[in-house]
Amino acid sequence: MKPIPDSIKPLLFLSVFAPMPALAFQSDTTNILMLAISLGGFCFFNLLLTGLFYFTGKYQSNRFAKLHTLISFIPAVITFVIAMVYIEGAGAISLNLGVIIVSIALSLLPIQLSHHAKAPTEKTPLILAIVALLMMLVGYYAAPLTIFAIAIAHVAVLSRGSIGVKLLSYATLIAGYSYLGYWAYQIALHS
């Protein structure tokens, strides 16, 4: 093997800092990357919901845990279908399949937690209603988070709480659905 000439060594050194990874994907992978980022964001907030429902004792009900798992599968299935439609190469597919597999694994977490669930307390509906309201306030800055606030508020309404907790939950639901309707109107108007 011949040694590298001294004139080529600086070029090899500079090539390490060249933006080669930016050229690794094909031209139109923006959709694929947005799907992976969106599913990753959903997984993060779904993991927060899983923790909330576990610590408030909602997973004592196997039916609730299975329902949460089924609902959590929906974004992963939609992402899988869209990723298969926009197949653009091995890199994009492997990225999306990795995120989809992680999403499915995190979606199965409620079933595993239901085996070790705590019993709900009398404060569970109040905690859920307050968290739903706080998530709704955050949702005014990032509209998709309103969906999670609505989900928590629905769980709080179905819990056995006082009339004040139910009114707070219903108020959060009314505000959440109104806000989502407003954003759907804005998206339709500007599309």
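Quick notes on this structure:
- Residue 131 vs. criteria of a type in the set (Val, Ile, Thr), modelled with pLDDT of 90 or more, under 19 Å from the mean Cα position of the chain (by Cα) and surrounded by fewer than 14 Cβ atoms within 10 Å (Cβ to Cβ): no
- Top-ranked residue of the range 1-57 - restricted to ones that are modelled with pLDDT of 80 or more and over 20 Å from residue 146 (Cα atoms), ranked as most open to solvent (accessible area, probe 1.4 Å): 55
Residue-wise test of (1) out of contact with any helix residue (DSSP H, G or I) (no Cβ under 7 Å at 6 or more places or on another chain); (2) closer than 14 Å to residue 104 by Cα.
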residue: 49; (1), (2): no, no
residue: 52; (1), (2): no, no
residue: 57; (1), (2): no, no
residue: 62; (1), (2): no, no
residue: 71; (1), (2): yes, yes
residue: 74; (1), (2): yes, yes
residue: 79; (1), (2): no, yes
residue: 84; (1), (2): yes, no
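- Candidates 118, 123: the one that is modelled with pLDDT of 90 or more and among the charged types (D, E, K, R) is 123.
- Yes/no for residue 171 being small (Gly, Ala, Ser), part of a helix (DSSP H, G or I) and closer than 23 Å to residue 51 by Cβ: no
- Selected residue (criterion: surrounded by the most Cβ atoms within 10 Å (Cβ to Cβ)) from residues of the range 58-72 that are of a type in the set (Lys, Arg) and over 27 Å from residue 84 (Cβ atoms): 58
- For the range 142-167, filtering for residues that are under 20 Å from residue 186 (Cα atoms), open to solvent by 70 Å² or more (accessible area, probe 1.4 Å) and either modelled with pLDDT of 90 or more or basic (Lys, Arg) (or both) leaves 1.
- When the residues of the range 94-107 are filtered to those that are modelled with pLDDT of 85 or more and surrounded by fewer than 14 Cβ atoms within 10 Å (Cβ to Cβ), the one that is farthest from residue 65 (Cα to Cα) is 101.
- Taken over the range 108-122, the residue count meeting the criterion of being touching a residue at least 60 places away in the same chain (Cβ under 8 Å) and surrounded by 13 or more Cβ atoms within 10 Å (Cβ to Cβ) is 6.
- Pairs where the first residue, in the range 139-157, is assigned to a loop (DSSP other than H, G, I, E, B) and the second is among the hydrophobic types (A, V, I, L, M, F, W, C), C-beta under 8 Å, 6+ apart: 143/180; 143/183
- Scanning the range 161-191 for residues that are without any contact (Cβ under 8 Å) to a residue 40 or more places away in the chain and of a type in the set (Phe, Trp, Tyr), we see that the one that is farthest from residue 149 (Cα to Cα) is 185.
The values are calculated or read from the model by the stated rules, or taken from the named source; none is laboratory data. Everything numeric in this text was worked out from a predicted model, so none of it was measured. Glycine also receives a Cβ, built like all others from the backbone with ideal geometry; neighbour counts cover every protein chain displayed. With ligands, DNA and RNA removed, areas are computed over all heavy atoms of the protein, side chains included. Shrake-Rupley method; radii C 1.70, N 1.55, O 1.52, S 1.80 Å.
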